[in-house]
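Working notes, structure below.
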Amino acid sequence: MIEQLIKEMIAYYEGDPKRIQHFIKVHNFSKTIGVLENLDKDTLYILETAAVIHDI
């Protein structure tokens, strides 16, 4: 599901590689922190979703 959201956000930001790179980096950092903090899978999903869409 996150993969589909990322694809849709790439389409949304088409032509703006800085914004695409930004939300991908934020997603990766957020996911890493969530995993290291041992978040349950539902909370991790919410964190990842928020990271991907945080600038819209």
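The values are calculated or read from the model by the stated rules, or taken from the named source; none is laboratory data. Everything numeric here is computed off the predicted structure, so don't read it as measured data. Here the Cβ is made from the backbone with ideal geometry for all residues, glycine too, and neighbour counts use every protein chain on show.
Results for (1) farther than 16 Å from Q4 by Cα; (2) in contact with a Cys (Cβ under 8 Å, 6 or more places away or on another chain); (3) part of a helix (DSSP H, G or I), shown as yes or no for each residue.
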| position | (1), (2), (3) |
| --- | --- |
| E14 | no, no, no |
| K18 | yes, no, yes |
| Q21 | yes, no, yes |
| V26 | yes, no, yes |
| T32 | yes, no, yes |
| V35 | yes, no, yes |
| V52 | no, no, yes |
| D55 | yes, no, no |
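Among the listed residues I33, I46, I24, I56, which satisfies the condition of being among the β-branched types (V, I, T) and at pLDDT below 95? Every option except I56 fails the conditions.
Among the residues examined, D40 does not qualify as touching a His at 6+ places or on another chain (Cβ under 8 Å) and of a type in the set (D, E, K, R). Applying the condition of being of a type in the set (K, R) and within 13 Å of the chain's Cα centre (by Cα) to the stretch 11-25 and asking which residue is surrounded by the fewest Cβ atoms within 10 Å (Cβ to Cβ) yields K25.
Can you spot a residue in the stretch 26-49 that is loosely packed, with under 15 Cβ neighbours inside 10 Å and among the small types (G, A, S)? No. The listed residues are L36, L47, L5, and the only one of them that is of a type in the set (A, V, I, L, M, F, W, C), on the phi < 0 side of the Ramachandran plot and more than 13 Å from the chain's Cα centre (by Cα) turns out to be L36.
Tallying residues that are surrounded by 10 or more Cβ atoms within 10 Å (Cβ to Cβ) and either of a type in the set (S, T, N, Q) or under 14 Å from I56 (Cα atoms) (or both) within the stretch 1-10 yields 5. Please enumerate the residues belonging to the stretch 37-50 that are among the polar types (S, T, N, Q) and farther than 14 Å from I2 by Cβ. Passing the criteria: only N38.
Summed over the stretch 1-12, the residues that are in contact (Cβ under 8 Å) with a residue 40 or more places away in the chain, assigned to a helix (DSSP H, G or I) and either more than 17 Å from A50 (Cβ to Cβ) or aliphatic (A, V, I, L, M) (or both) give a count of 4.
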